[in-house]
Every structure is written in C-alpha cells, then in structure tokens.
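Asks: Below are the structure tokens for one structure; questions will follow.
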Amino acid sequence: VAGTVGGNVGGNVGGVDAMRYFLRTTLLWFLVAFVGDALVAPLIDIAGRAPDFTIIALVLLALSAGAAPATMGGFLIGLVQDLGNPPLLGLRSLCKCVLGFGLGRMRGRLVHGVVVVDAVMIVLAVLLHDLVFLLVQSNLTQERFLVPLRTQSLPGAAYSALVGVPLLRLAEFGGVLR
C-alpha cells in the first residue's frame with residue numbers, strides 16, 4: 001500500500017515504538033544507576049557492604065541495548081563516579097567502559113532470563129570490575145589488593161546478584177529486556 005511504513009498506514013509507528021523503548025530503557029537505567037546507588041544502597045547496606053547498583057544498571061543496559069550503548073553508559077557512569085575521586089580520574093570510566101562493551105557483546109550469546117545465568121553474570125561483572133580497579137589502585141602490590149578483593153568485592157558481588165536478579169526480572173516484565 002502506498003504511504004505505508006512497515007505495513008502501518010499513516011506514519012512511522014515503528015519509530016515511535018523504538019523511541020518509547022529507548023526512553024523506557026534510559027529511564028530505568030538512570031534510576032537503577034544513580035538513584036539506586038545514591039539513595040537505596042545506603043539504606044540496605046549490611047555491615048558496610050551494599051549492592052553495586054552501577055554495575056547492575058550496566059548489565060541491564062547491556063542486555064537491553066547492546067555493546068555500543070553499554071560502552072557509552074559505562075563511561076558516563078564511571079565518569080560521574082570518578083569526579084568524586086580526582087587522583088584516580090578515569091579509572092572507573094575505563095573499567096566500566098570495557099565492562100559495558102564485554103557485557104554488550106555477550107548479549108546475544110547468553111540465555112538471560114534464567115536466574116542462575118543472570119546471577120553469575122552480575123557476580124562476574126562486579127568481580128571483574130573490582131579486580132581491575134583494585135589492581136590499579138593498589139599499584140600492583142599483592143597485600144593491598146587481595147584483602148579488599150576478599151573482604152569487600154566478594155560479599156558485594158553476592159549482594160549485587162541478590163538485588164540485581166529481581167531488578168532484571170522487573171525490567172523484563174516491564175518490556176525493557178526483550
């Protein structure tokens with residue numbers, strides 16, 4: 001039929017759906033990353049350990065949008081976090097940028113929606129991020145690297161998975177993860 005786009009008479013309905021999906025994804029990603037990290041994490045921390053909402057948001061963005069948006073999103077999240085720590089400016093940006101790219105590349109290769117797969121993905125994402133961050137921060141000395149990895153990163157990764165899996169299910173229910 002003349003004047004149709006994608007079988008729809010009268011306009012670009014597919015473009016409107018794509019824009020709604022983009023807005024939904026961006027809003028959810030922003031809320032999880034910044035509101036979760038700033039407001040929710042201090043309320044639910046256990047013995048000083050809180051879930052890493054920025055990594056959970058990065059996993060959410062990578063699964064919903066792919067490698068390029070997750071890379072850019074990781075850079076932006078990291079940059080905002082780095083502004084509070086000028087001596088290490090750029091380190092979190094680099095870590096989250098590379099992590100976002102890797103997670104985005106795994107998007108079509110994993111069966112997300114399975115609780116164990118999502119939990120392992122979040123745990124590994126937190127551990128890989130913290131591994132690189134702590135290695136650089138400790139100037140590659142073993143003593144200052146292993147203790148925080150064991151005492152902070154491992155419990156934080158488990159807690160992030162515990163909180164992140166229900167958030168991914170909510171995103172899937174809300175139509176953000178397809």
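The values are calculated or read from the model by the stated rules, or taken from the named source; none is laboratory data. None of the values given here were measured: they were computed from a predicted structure. All Cβ positions, glycine included, derive from the backbone under ideal geometry; neighbour counts span all protein chains shown. To get the accessible areas, we keep the full protein, side chains included, count just its heavy atoms, and leave off ligands, DNA and RNA. Shrake-Rupley method; radii C 1.70, N 1.55, O 1.52, S 1.80 Å.
Asks: Place a +1 charge on the Cβ of each Lys and Arg in the chain and a -1 charge on the Cβ of each Asp and Glu, then give the dipole magnitude about the Cα centre in debye, rounded to the nearest 20.
Replies: The dipole magnitude comes to about 280 debye.
Asks: Using a 1.4 Å probe and counting only protein heavy atoms, arrange Thr54, Thr151 so the residue with the most accessible area comes first.
Replies: Thr151, Thr54
Asks: What whole-number value in Å² describes the accessible area per residue of the range 14-166 for a 1.4 Å probe?
Replies: Using a 1.4 Å probe on heavy atoms only, each residue of the range 14-166 averages 52 Å².
Asks: Can you give the angle from 0 to 90° between the axis of helix 154-173 and the longest principal axis of the chain, with both taken from C-alpha atoms, to the nearest 10?
Replies: With both axes taken from Cα atoms, the answer is about 10 degrees.
Asks: When a/c reaches 1.5 or more, the comparison of a/b and b/c decides; with that in mind, is the range 106-145 rounded, prolate or oblate per its Cα gyration tensor?
Replies: It is prolate, given that a/c is not under 1.5 and a/b is the larger ratio.
Asks: Roughly how tilted is helix 115-137, in degrees to the nearest 10 and between 0 and 90, from the longest Cα axis of the chain?
Replies: 50
Asks: Restricting to DSSP loop positions (anything but H, G, I, E, B) with no more than 10 other Cβ atoms inside 10 Å of their own Cβ, which trypsin sites (Lys or Arg not before Pro) remain in the range 36-138?
Replies: When the trypsin sites (Lys or Arg not before Pro) of the range 36-138 are filtered for loop state and at most 10 Cβ neighbours within 10 Å, Arg109 remain.
Asks: In addition: If every alpha-carbon in the range 56-178 counts as one equal scatterer, what log10 I(q)/I(0) does Debye give at q = 0.13 1/Å?
Replies: Log-scaled intensity ratios, in q order: -0.51.
Asks: If you don't mind, there's one more thing I want to ask. Roughly how tilted is helix 67-82, in degrees to the nearest 10 and between 0 and 90, from the longest Cα axis of the chain?
Replies: Once rounded, the angle reads 40 degrees.
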